[in-house]
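Okay, structure first, notes after.
The values are calculated or read from the model by the stated rules, or taken from the named source; none is laboratory data. Just so we're clear, the structure is a prediction, and the values are computed from it rather than from any experiment. Please note: Cβ atoms are built from the backbone with ideal geometry, for glycine as well, and neighbour counts cover all protein chains shown.
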Amino acid sequence: MSIILTSAINAQDLNLGLQGRYDLDGSVIDLSQNQIHGNNLNVEFAPGINQEVNSCGSFNGTNAYVDLGPSNRGIDREVCLSAWVKTDSDERQFVISKYKWQEDRGYFLAIDQGRPIIGGRLNCNEFYQCIGDVNLSDGNWHHVLGIINNNVFQIWAGCRLLSTLNVDCSNPNLSCSDPLTIGNWFQGGNGDYRFFEGLIDQVRIYNRALTEEEIILLCNESTLSDLNDPETVIERVRIFPNPFDKVLLVNFDNYLTGSHFRIYDFKGKIVKRGILKSHLNMSELTSGVYLFEIIDQNNLRIKVDRLIKH
């Protein structure tokens, strides 16, 4: 989950177009329907965004990466790359990459001097980069997402669109023969493979461009993060059980005492609201999928994970 300033959103099917899902929770297996499991080269595991043991990949910046094989996974004109990253390195480093400049094709999600980048080649003899003007190399967790949609590049971080780049390419094609990798640029350039130094969690690879609503939902799925105000301290918010029946239990930090909550249905309509308490009666809600939102004393809206009512 993430602290964001936004309005209600509709729940979307985040499995649509999902061509690779790597949670890096002690393994490099693919949790998408493709089941293209990775080859782990020197990647260790560490506590991830949920602080669970061995729940993310730890990359040493010198020789650690995950080889996901050469399959293009149906990605040719559109791609969306999503990951959680934690680093304090200012080096140019690749989070996700399938990029071969000799073929004038491919794409990558990277960080350079702390700035997130979505880049690549579209088969048009040009190299493109869309760069976000924020610093992610601060040793904190950040959600970063890049989209290439035909001739449009977008880079997102912390649920926010940072930059858009429109290019001129008559017949874009992103497919290339090099492997898809997590944590480096497989082919490299001049001996520099742009190895990632830090932690990577929850990698998602799509063969379509996600909508704004889907991006916000995706970056709210897992952990507390506040790109707008890094001084805000919220230890943990736990909402359970999930799925739930008549009663929803909420554990929250003292910071949120006196806050309010809202519950939205899948159409974005508010179906319940009130003062945040540790026990919430939900017996009037019908079975389905909901979004839970906490509004603190400063009127910041805190989105939490999707909830399912039996």
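Give the residue that is surrounded by the most Cβ atoms within 10 Å (Cβ to Cβ), with candidates limited to residues of segment 114-129 that are within 20 Å of the chain's Cα centre (by Cα) and free of Cβ contacts under 8 Å to residues at least 40 places away in the same chain.
Initially, segment 114-129 is screened for residues within 20 Å of the chain's Cα centre (by Cα), giving 114-120, 129.
Going one step further and asking which of them are free of Cβ contacts under 8 Å to residues at least 40 places away in the same chain, we end up with 114-115, 117-119, 129.
Details: Gly114: 17, Arg115: 21, Ile117: 23, Ile118: 29, Gly119: 23, Gln129: 16.
Residue satisfying both the conditions and the ranking: Ile118.
For Leu227, state whether it is closer than 27 Å to Ser278 by Cβ, outside any strand (DSSP E or B) and modelled with pLDDT under 90.
no
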Modelled with pLDDT of 95 or more and in a strand (DSSP E or B): is that true of Arg204 in this structure? yes
Out of (1) at pLDDT 95 or above; (2) over 18 Å from the mean Cα position of the chain (by Cα); (3) of a type outside the set (Ser, Thr, Tyr); (4) under 25 Å from Asp67 (Cα atoms), what's the single condition that is false for Gln187? (1)
Flag for Val95 being within 17 Å of Asn40 (Cβ to Cβ) and crowded, with 24+ Cβ neighbours inside 10 Å: yes
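Which of the residues spanning segment 261-289 are exposed (fewer than 11 other Cβ atoms within 10 Å of the Cβ) and within 16 Å of His310 (Cβ to Cβ)?
Step one: filter segment 261-289 for residues exposed (fewer than 11 other Cβ atoms within 10 Å of the Cβ), giving 267, 269, 275, 278-279, 283-284, 286-287.
Listed by number, the residues that qualify are Ser283, Glu284, Thr286, Ser287.
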Can you tell me which of Ser71, Ser177 is in the same structural domain as Asp23 (by TED's automatic domain parsing), over 21 Å from the mean Cα position of the chain (by Cα), under 19 Å from Arg204 (Cβ atoms) and assigned to a loop (DSSP other than H, G, I, E, B)? Ser71
Of all residues in segment 116-157, which are among the aromatic types (Phe, Trp, Tyr), modelled with pLDDT of 95 or more and over 13 Å from Cys80 (Cβ atoms)? Phe127, Tyr128
Any chance you could count how many residues in segment 20-56 are in a strand (DSSP E or B) and either within 13 Å of Thr181 (Cα to Cα) or not assigned by TED's automatic domain parsing to the domain that holds Thr181 (or both)? 6
Restricting attention to segment 240-254, the residues that are under 26 Å from the mean Cα position of the chain (by Cα) and either outside any strand (DSSP E or B) or loosely packed, with under 12 Cβ neighbours inside 10 Å (or both) number exactly 6
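Per-residue answers, yes or no, for (1) under 16 Å from the mean Cα position of the chain (by Cα); (2) modelled with pLDDT of 95 or more:
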position	(1), (2)
Ser7	no, no
Asn10	no, no
Gln19	yes, yes
Asn42	no, yes
Ala64	no, yes
Ser82	yes, yes
